[in-house]
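Worksheet: the structure to be examined is printed underneath.
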Amino acid sequence: MASLSLTQIRGSNSVTEFAQLRLRTQRGRSKIGFLKVVGSQGQSQGEPDLSVTVNGLHMPNPFVIGSGPPGTNYTVMKRAFDEGWGAVIAKTVSLDAAKVINVTPRYARLRAGANGSAKGQIIGWENIELISDRPLETMLKEFKQLKEEYPDRILIASIMEEYNKAAWEELIDRVEQTGIDALEINFSCPHGMPERKMGAAVGQDCALLEEVCGWINAKATVPVWAKMTPNITDITQPARVALKSGCEGVAAINTIMSVMGINLKTLRPEPCVEGYSTPGGYSSKAVHPIALGKVMNIAKLMKSEFDSEKYSLSGIGGVETGGDAAEFILVGANTVQVCTGVMMHGYGLVKKLSDELKDFMKMHNFSSIEDFRGTSLEYFTTHTDLVRRQQEAIQQRKAVKNGLQSDKDWTGDGFVKESESMVSN
């Protein structure tokens, strides 16, 4: 990964005050004893409290490093903790890294205005990058080292395997031995991995997803999040299967299958590798509205069919500002993941996100994340209902303007006002 321009903002001890409340959740098939997802209390009045407790895991803020290059090794994950991110999800690992072979270049960007201009704002980012190509043993050593150095910070391992129960069980066992706090299951990588019946190949097949989730949840002893693919007609279907199969949380969305563009001079697709390319995953600002819609649908599902207080939802997609994060929380997300944003702006982005989210909370007198989480969900309805609501509103406005429409509309309580409403000026 190319070096990024980074500015250290805070030290590693800046959020250790939150350590006192961190809890580990032990899991099993019975699902007894799962902890409620709540906002933390106790911060001084006047200053909004960004801390959250999700599946028993306490975070100083809801901002999570999303699985990808920003969590690819010890050095960058340490940097994320030092800068103050609420949690870190490492880049996805599997048992046999030797099968993972990346190419270069593997990124392409879309800019506002005339694409190809070096001055336009980056609004879209495509990658054809695979999961971690580092040896599993190396990654496990680094997980363990991070947990030893930051025992009170939340480290989540992202894992993926082929369609093999024994392989999944071995991977879970080895990863959990490092002391990680939770697992995120990559059921959503859109390129490369599906060819091996991994990633989106599982997330797009609900029968396969149910079976694999069963294997995972029978083995795992830490909370499990299922990361959903947006490359499916109805994202609530796999989300429902994952939750019914034992997962404590859902993360959405992973990248959107895309072709960034064609070079009109060479007639070759981008990113171009020896003259060729392959469809990849699309992220950054342009996917934010799509991600909001998917997360909103999952949140409504969780609210209507599950005890949503026992489960968590992590929103992902195009987050670069505190306002972007607030939108995910307003439609029901407990946490907000950032990956491409870190690649573009550096690890210090978390301070900007936190400050802007606090400003939003102050504007509405919200003291905690739970004060406004899911607030906007009730305002989503069907188009048929929108038509009905508008017709009723039009009729009410006509009634106010023109007076009563029929003798049956007179009421005793409002008789004087009703009479005045029909007086000609």
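Summarising the label geometry, the points placed 7 Å from Cα in the beta-carbon direction at Lys303 and Lys165 lie 3.9 nm from one another. Between the C-alpha center of the range 381-400 and that of the range 137-163 there is a gap of 54 Å.
Normalised per residue, the accessible area of the chain is 46 Å², obtained with a 1.4 Å probe and no contribution from ligands, DNA or RNA. Across the range 260-273, rounded Karplus estimates of 3J(HN,Hα) from the backbone phi angles (6.51 cos²θ - 1.76 cosθ + 1.60, θ = phi - 60°) give 5, x, 10, 6, 6, 8, 9, 6, 9, x, 10, x, 9, 10 Hz, Gly and Pro being marked x.
Amide H contacts of Val54 (H built 1.01 Å from N, in plane; Pro and chain starts excluded): Met59 sit under 5 Å, all sequence-distant by 5 or more or on other chains.
Rounded to the nearest whole Hz, the Karplus-based 3J(HN,Hα) values (6.51 cos²θ - 1.76 cosθ + 1.60, θ = phi - 60°) of the range 371-376 follow the sequence 4, 10, 5, x, 4, 7, with x at glycine and proline. Accessible surface of the range 52-379, 1.4 Å probe: 51 percent of it comes from carbon and sulfur atoms. When the residues Cys339, Cys247 are ordered by accessible surface, computed with a 1.4 Å probe over the protein chains alone, the sequence from largest down reads Cys339, Cys247.
Close amide H contacts of Glu184 (hydrogens built in the peptide plane, cut-off under 5 Å, sequence separation of 5 or more or a different chain): Ala157, Ser158, Ile159, Trp225.
A viscosity of 0.692 mPa s and a temperature of 37 °C, combined with the Kirkwood radius over C-alpha pairs in the Stokes-Einstein formula, give the range 313-376 a diffusion coefficient of 280 µm²/s.
Helix-only arithmetic for the chain: the sum of -39500 (n - 2.57) across DSSP H runs with n ≥ 4, divided by the residue total, places the mean residue ellipticity at 222 nm at -10000 deg cm²/dmol. Averaged over residues, the count of other Cβ atoms within 10 Å places the peptides 269-280, 322-333, 231-242, 364-375 in the sequence 322-333, 231-242, 364-375, 269-280, highest first. Taking θ as phi - 60° and the Karplus parameters 6.51, -1.76 and 1.60, the scalar couplings of the range 329-338 work out to 5, 4, 9, x, 6, 7, 10, 10, 9, 9 Hz in sequence order, x denoting glycine and proline. Compactness of the range 108-211 was expressed as the Cα radius of gyration divided by 2.2 N^0.38 Å, which yields 1.37. Taking a quarter of the surface of the Cα convex hull of the chain gives a mean projected area of 27.4 nm². Measure nothing fancy, just the Cα-based angle from helix 383-402's long axis to the longest principal axis of the chain, in degrees from 0 to 90, nearest 10. Once rounded, the angle reads 30 degrees.
Remark on Ile154: its backbone amide H falls under 5 Å from those of Val88, a criterion applied only to residues 5 or more positions apart or on other chains, H modelled at 1.01 Å from N.
The values are calculated or read from the model by the stated rules, or taken from the named source; none is laboratory data. Source: prediction; values computed, not measured. Cβ sites come from the backbone with ideal geometry, for glycine too, and all protein chains shown count toward neighbours. Surface areas here come from the heavy atoms of the whole protein model, side chains and all, with no ligands, DNA or RNA. Shrake-Rupley method; radii C 1.70, N 1.55, O 1.52, S 1.80 Å.
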